[in-house]
Amino acid sequence: MTDVVLDVRDLRTHFFTRQGIGKAVDGVSFRLRRGRTLGLVGESGCGKSMTALSILQLHPQPASRIVGGQVLFEGEDLLQKSPSEMTRYRGKRLGLVLQDPTTALDPLFTIGDQVAEPLRLHKGMRGKPLREKIIELLRLLRISAAEQRLDSYPHQLSGGMRQRVVGAMAISCDPAVLIADEPTTALDVTVQAAYLALLREIQRRTDLAILFITHDFGVVARMCDDVAVMYAGKIVEQGPTSKIFERPAHPYTEALLRSVPDVRRGTERLVAIPGSPPSIFRLGRGCAFAERCPFVMDRCRRDDPVQLNVGVDRVAACWRHA
């Protein structure tokens, strides 16, 4: 447990609307270890981003509320912190890289001003030392002509460059945890590979723990040591990436892996998962994947599945393993 830097326990975030109560995050638990990368995987709308925002208390309010659980960071429960206390964690000990750098960066401020903000706020840096630190960060993220980029605006940079600027802001104060919410979605394949290699290099240098949110199993294979698969607000399977790729234990994980394009299949049709994910406002009893599962049993529709051990450091919420 000494290397566990972030311990999320039974996290629950619900939306309260006219439609009713939507269970966006419904009992999520995982541990993030120093120097390792945990991939949080699943279809759009399964609760991945809401989990990340809840950890940082950035979930949309007042529409949603955290109604239960713990988020233990270095022994402190972040859910017990006030908004002012959380500002001392966000950007300093907990870094965040958002999916779209275009919306993450303010178009009215220069790159230098925006990278400088966390350094001014958390480290009190000013003047020449601040400028030198910004240039150092931009060079670390492989941004060419770093001195000239300080006075550039976001619209003057390419998408890959903007994403690297967001990364520079996220690691500027040497955080213990970096939460990366689909940071490569807007990047082409070549830039994506370079960005992932850069993150791994920074992780090796700093022993950074990374929570990597994605829907791309190809990225998971290259980037993540462990993986947690989410469906309808719950984690349905969790374990080492190599073991899950080799032998998935949950039907949803198996279906996701089969739907990934593979050049070795030639002209075969892609395998699709039948049906659609359930609405978070209409989750009943039993397994949320039951209506789409080829192995469904009566018990699956009747009883909520529990996390069952399916190997060393592996769990799956599926009654087939009971």
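None of the figures in this text is laboratory data; all of them are computed from the coordinates on show. Keep in mind the model is a prediction, meaning the values are calculated, not measured. Positions of Cβ are generated from backbone atoms using ideal geometry, with glycine treated the same way; all protein chains shown enter the neighbour counts.
Against the main long axis of the alpha-carbon atoms of the chain, helix 189-206 sits at an angle near 80°. Full extension of the chain between VAL67 and ASP151 yields a length gain of 25.9 nm, computed as 0.36 nm times the residue separation minus the alpha carbon distance.
When the alpha-carbon atoms of the range 188-322 are used, the pair Rg, Dmax equals 16.8, 51 angstrom. Ordered by the number of other Cβ atoms lying within 10 Å of each residue's own Cβ, fewest first, LYS81, LYS23 fall into the sequence LYS81, LYS23.
Assuming a strict under-17 Å limit between Cα atoms, what lysine pair count do you get for the chain once near-sequence pairs (fewer than 8 apart, same chain) are dropped? Counting lysine pairs in the chain gives 7.
Under 5 Å from the amide H of VAL97 lie the amide H atoms of ILE179, ALA180, ASP181, each residue being 5 or more positions distant or on a separate chain, with H modelled from the backbone and absent for Pro and chain starts. Applying 1/(1 + (r/R0)^6) with R0 = 41 Å to the Cβ-Cβ distance of ARG142 and ARG269 gives a FRET efficiency near 0.55. Using only side-chain charges placed at the Cβ, +1 for Lys and Arg and -1 for Asp and Glu, the dipole size of the chain relative to its Cα centre rounds to 140 debye. Residues in the range 17-24 carry Karplus couplings, in order, of 9, 5, 6, x, 9, x, 8, 5 Hz; the curve used is 6.51 cos²θ - 1.76 cosθ + 1.60 with θ = phi - 60°, and Gly or Pro positions show x. Rounded to the nearest 20, the Cβ-based charge dipole of the range 52-148 about its Cα centre (Lys and Arg +1, Asp and Glu -1) stands at 280 debye. The Cβ shell under 11 Å around LEU256 holds other residues with a net charge of -3, Lys and Arg each +1, Asp and Glu each -1. Fully extending the segment from ARG120 to ALA221, taken as 0.36 nm per residue of separation minus the present Cα-Cα distance, adds 32.7 nm. All other residues whose Cβ lies under 12 angstrom from that of ASP181 are scored, Lys and Arg at +1 and Asp and Glu at -1, for a net of -1.
If Lys and Arg each add +1 and Asp and Glu each add -1, what is the summed charge of the other residues whose beta carbon sits under 9 Å from the beta carbon of GLN57?
Net charge in that neighbourhood comes out at +2.
Centre-to-centre, using Cα atoms only, the range 18-46 and the range 61-137 are separated by 21 Å. Rounded to the nearest 20 debye, the dipole size of the range 1-105 about its Cα centre is 80 debye, using +1 on the Cβ of Lys and Arg and -1 on the Cβ of Asp and Glu. Relative to the longest principal axis of the Cα atoms of the chain, helix 127-140 runs at roughly 50 degrees. In terms of the Cα gyration tensor, with a ≥ b ≥ c the square roots of its eigenvalues, is the range 31-77 rounded because a/c is under 1.5, prolate because a/b exceeds b/c, or oblate? Judged from the Cα gyration tensor, the range 31-77 comes out oblate (a/c at least 1.5, b/c at or above a/b). By the count of other C-beta atoms within 10 Å, a proxy for reagent exposure, TYR153, TYR195, TYR252, TYR231 are ordered fewest to most as TYR153, TYR195, TYR231, TYR252. The residue list LEU78, TYR153, VAL41 was ranked by how far each Cα lies along the charge dipole of the chain toward its positive end, using unit charges on Cβ atoms, and LEU78 comes out on top.
With contacts taken as Cα pairs under 8 Å and at least 6 residues apart, the chain reaches a relative contact order of 21 percent.
Against the main long axis of the alpha-carbon atoms of the chain, helix 111-123 sits at an angle near 80°.
Overall shape: prolate for the range 18-154, with the ratio a/c of the largest to smallest alpha carbon gyration tensor axis at 1.5 or above and a/b above b/c.
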